[in-house]
């Protein structure tokens, strides 16, 4: 497996996991329930991502895995971490009034904020990675 193929696997798996988190968070808000579909699905996709990326890294070998985690990867990851951090911080004031007014229940807000924070990091990383390789 080449470093390029390993990078593509990592990007695809993280993108799919980010989309599941985004749909879960958006669904929780749209449906007004903390469980718009199976609550374990975002976590399952996260664990599956770890397993698939680990298998791909082992199949790629040390040299190719190291090439796929170069300074571009580190820069993209740092930007995604910062973006995810600020999304997480800004979700608190964004949910303050809806929670205070009773428009959103606490369990629904908790589910949405958690999955939307994960989606922000994952999708921002995928966006930066794809944009950097085009």
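Read-outs throughout are calculated quantities, based only on the coordinates presented, and are distinct from any laboratory measurement. Computed from a predicted structure; not experimentally measured. Using ideal geometry, Cβ is built from the backbone for each residue, glycine included, and neighbour counts are taken over all protein chains shown.
The table below gives the values:
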| read-out | value |
| --- | --- |
| Label zone at residue 16, where the point sits 7 Å out along the Cα-to-Cβ direction: region 49-73 residues whose backbone N lies under 18 Å | 49-60 |
| Residue order, fewest to most surrounding Cβ atoms within 10 angstrom, among 5, 45 | 5, 45 |
| Unit Cα scatterers, Debye sum, region 16-70: log10 I(q)/I(0) for q = 0.22, 0.23 Å⁻¹ | -0.78, -0.82 |
| Max mean-square fluctuation residue, GNM over the chain, Cα-Cα springs under 10 Å, options 65, 94, 119 | 94 |
| Largest-first principal axis extents of the Cα set of the chain (Å) | 54, 27, 21 |
| Contour minus Cα-Cα distance for residue 33 and residue 55 (0.36 nm per residue) | 4.4 nm |
| The chain: angle of helix 41-68 to the longest principal axis, Cα-based, in degrees nearest 10 | 20 |
| Tensor-based shape of region 56-111 (alpha-carbon gyration tensor, a/c under 1.5 rounded, otherwise prolate or oblate) | oblate |
| Relative contact order (percent, whole number), the chain, Cα cutoff 8 Å, 6+ residue spacing | 45 |
| Choice from 34, 42, 93 showing the highest fluctuation, given a GNM over the chain with Cα pairs closer than 10 Å | 93 |
| Rounded tilt (10° steps) of 71-101 against the dominant C-alpha axis of the chain | 10 |
| Rounded Å value of the spacing that divides the Cα centres of region 85-118 and region 9-42 | 15 |
| Helix axis angle, 106-133 relative to the chain longest principal axis, alpha carbon, degrees | 30 |
